[in-house]
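What follows is one structure encoded as structure tokens, with my remarks underneath.
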Amino acid sequence: MDKEAEVKRCLTMLGYNPSEADDALIAWELRRAEQYIMDFCNVQEVPEGLLEVLVDMAAAQILITRKATGALEGYDFAAAVKSIQEGDTTVSYAVGEGSQTPEQRFDALVSHMAAPPLQSLLRYRRLRW
């Protein structure tokens, strides 16, 4: 499995179109995610059963980095307008009004991808003597 191609495919499915400028970041985040998994599981290479977790973790970190640097394009995080008043101009946004904003939903998804369920990692963990 070509891990870099899988990360690009995952990013594309999430609405981010990676370019050649993202190749270095993809390679970096893949190495970081691989090292995290290998350290946690105490193994020399990422088990095949965790390759999807690896791809998710790398893709999530790329999205987090791009959002933090303001380079995340194609996403509209604008909150819905709740009310507008014309005299002395007042605009209220529907933030926390029963549903999450698009940005909150995005952050929740990316956070879930970046920190996989512990059970999926524990299955492959080796004891250190």
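The values are calculated or read from the model by the stated rules, or taken from the named source; none is laboratory data. Treat the numbers as computed from the prediction; the structure is a model and nothing was measured. Positions of Cβ are generated from backbone atoms using ideal geometry, with glycine treated the same way; all protein chains shown enter the neighbour counts.
Every condition in (1) free of Cβ contacts under 8 Å to residues at least 12 places away in the same chain; (2) closer than 19 Å to M1 by Cα is met by R32 except one, and the failing one is (1).
Beta carbons closer than 6 Å, at least 6 apart along the sequence or on distinct chains, pair a first residue in the stretch 56-78 that is surrounded by 15 or more Cβ atoms within 10 Å (Cβ to Cβ) with a second that is in a loop (DSSP other than H, G, I, E, B) for R66/L72. What about T101, is it at pLDDT below 80, surrounded by 14 or more Cβ atoms within 10 Å (Cβ to Cβ) and within 18 Å of the chain's Cα centre (by Cα)? Yes; evaluated as a whole, the condition is true for this residue. Within the stretch 61-78, being closer than 16 Å to S19 by Cβ and part of a helix (DSSP H, G or I) holds for I62, L63, T65, R66. When the stretch 9-22 is filtered for residues that are assigned to a helix (DSSP H, G or I) and either more than 12 Å from A59 (Cα to Cα) or aliphatic (A, V, I, L, M) (or both), the ones remaining, listed by number, are L11, M13, E20, A21. Sort out which residues of the stretch 15-37 are surrounded by fewer than 20 Cβ atoms within 10 Å (Cβ to Cβ), among the hydrophobic types (A, V, I, L, M, F, W, C) and touching a helix residue (DSSP H, G or I) at 6+ places or on another chain (Cβ under 7 Å), and write them in order of number. L25, A27, listed by residue number. Cβ-Cβ contacts under 6 Å between residues 6 or more apart (or on different chains), taken from a first residue in the stretch 1-13 that is within 18 Å of V110 (Cα to Cα) to a second residue that is at pLDDT 95 or above and small (G, A, S), are listed as V7/A58; V7/A59; C10/A59; L11/A59. Report yes if L54 is touching an Asp or Glu at 6+ places or on another chain (Cβ under 7 Å), within 25 Å of Q119 (Cα to Cα) and in a helix (DSSP H, G or I), otherwise no. For L54, the condition - touching an Asp or Glu at 6+ places or on another chain (Cβ under 7 Å), within 25 Å of Q119 (Cα to Cα) and in a helix (DSSP H, G or I) - is met. Only a single item in (1) in a helix (DSSP H, G or I); (2) over 25 Å from L127 (Cα atoms) is not met by F40, and it is number (2).
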